[in-house]
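For reference, the structure is listed below as structure tokens.
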Amino acid sequence: GGIRNYLADLDGNAAMDELNEKGSLTFDVGGVTVELTRDDLLIEMNQKEGYISQEDGGYTVVLDTNLTDELVAEGYARELVSKVQQWRKDLGLELTDRITLGIEVDPAVMNALNSFADMIRSTVLADEITAGAVDGAESKSVDLNGKQATAYLRKV
């Protein structure tokens, strides 16, 4: 029980450093010196929420998977581009056909799309991107990563 209690209160990072450096953990339990090697321990790596890690050959790589506002905005923009490109294909537009694009969506999403307007415009060959309906345009309901929008597309 004393060993279990000691290990439960142990700083895992410090213990791994000692284990890697010395090859064993040495501590005192009730006046008795205890020495544990890797073979004596079941070592599990816990991952902090928002991070993933992988260890191989003595190296550990940790990736931050938290989404920043910029990454979320880029996700909306890339999803819109994907939907518009598929729509262009479904409408039979030529690769070089220019379009006018309109978007009706939540203001926060529209702000995010505006920050990537140049990328969207150049990728989908839009001469103009407007907030709202476009006269004489086809309309379509689209899902932008869980946010509902209405897109308007008209060939120029």
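The values are calculated or read from the model by the stated rules, or taken from the named source; none is laboratory data. It should be emphasised that the depicted structure is a prediction, and the values quoted were computed from it without experimental measurement. Note that we place each Cβ from the backbone using ideal geometry, even for glycine, and neighbour counts take in every protein chain shown. Keep in mind that these areas ignore ligands, DNA and RNA; they rest on the heavy atoms of the full protein, side chains included. Shrake-Rupley method; radii C 1.70, N 1.55, O 1.52, S 1.80 Å.
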Which members of region 79-101 meet the condition of being part of a helix (DSSP H, G or I) and either touching a residue at least 24 places away in the same chain (Cβ under 8 Å) or touching a helix residue (DSSP H, G or I) at 6+ places or on another chain (Cβ under 8 Å) (or both)?
E79, L80, V81, K83, V84, Q85, W87, R88, L91
Of the numbered conditions (1) within 23 Å of the chain's Cα centre (by Cα); (2) over 23 Å from R4 (Cβ atoms), L95 fails exactly one; give the number of that condition.
(1)
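Every residue, every condition in (1) in contact with a strand residue (DSSP E or B) (Cβ under 6 Å, 6 or more places away or on another chain); (2) closer than 30 Å to A117 by Cβ; (3) of a type outside the set (D, E, K, R), yes or no:
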{"residue": "K22", "(1), (2), (3)": "no, no, no"}
{"residue": "G30", "(1), (2), (3)": "no, no, yes"}
{"residue": "T33", "(1), (2), (3)": "no, no, yes"}
{"residue": "L63", "(1), (2), (3)": "yes, yes, yes"}
{"residue": "T68", "(1), (2), (3)": "no, yes, yes"}
Which of (1) surrounded by 16 or more Cβ atoms within 10 Å (Cβ to Cβ); (2) under 24 Å from the mean Cα position of the chain (by Cα); (3) within 20 Å of G146 (Cβ to Cβ) is the odd one out, the single condition E104 does not satisfy?
(2)
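Out of T150, T130, T123, I need the residue that is surrounded by 15 or more Cβ atoms within 10 Å (Cβ to Cβ), within 29 Å of the chain's Cα centre (by Cα) and polar (S, T, N, Q). Which one?
On the way: T150 fails: surrounded by 15 or more Cβ atoms within 10 Å (Cβ to Cβ); T130 fails: surrounded by 15 or more Cβ atoms within 10 Å (Cβ to Cβ).
Unique residue meeting the criteria: T123.
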Among what's in region 1-46 and is in contact (Cβ under 8 Å) with a residue 12 or more places away in the chain and at positive phi, pick the residue that is nearest to the chain's Cα centre (by Cα).
G23
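What number of residues within region 60-72 satisfy the criterion of being open to solvent by 80 Å² or more (accessible area, probe 1.4 Å) and either aliphatic (A, V, I, L, M) or in a loop (DSSP other than H, G, I, E, B) (or both)? Please lay out each step first, then the result.
Keep residues of region 60-72 that are open to solvent by 80 Å² or more (accessible area, probe 1.4 Å), which gives 61-64, 67, 69-71.
Narrowing further to those that are either aliphatic (A, V, I, L, M) or in a loop (DSSP other than H, G, I, E, B) (or both): 61-63, 67, 71.
Result for region 60-72: 5.
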So if I check each of G50, G57, G75, which one is within 28 Å of the chain's Cα centre (by Cα), farther than 30 Å from V124 by Cα and open to solvent by less than 40 Å² (accessible area, probe 1.4 Å)?
G50
Since E94 meets every condition but one in (1) under 30 Å from K155 (Cα atoms); (2) surrounded by fewer than 11 Cβ atoms within 10 Å (Cβ to Cβ); (3) touching a Gly at 6+ places or on another chain (Cβ under 7 Å); (4) among the acidic types (D, E), which condition does it not meet?
(3)
Spot the failing condition for D127; the list is (1) touching a strand residue (DSSP E or B) at 6+ places or on another chain (Cβ under 9 Å); (2) of a type in the set (D, E, K, R); (3) under 17 Å from K83 (Cβ atoms), and only one is missed.
(3)
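If we scan region 107-115, do we find a residue that is surrounded by fewer than 10 Cβ atoms within 10 Å (Cβ to Cβ), assigned to a helix (DSSP H, G or I), out of contact with any Asp or Glu (no Cβ under 6 Å at 6 or more places or on another chain) and without any contact (Cβ under 8 Å) to a residue 12 or more places away in the chain?
Yes: region 107-115 contains one or more residues that are surrounded by fewer than 10 Cβ atoms within 10 Å (Cβ to Cβ), assigned to a helix (DSSP H, G or I), out of contact with any Asp or Glu (no Cβ under 6 Å at 6 or more places or on another chain) and without any contact (Cβ under 8 Å) to a residue 12 or more places away in the chain.
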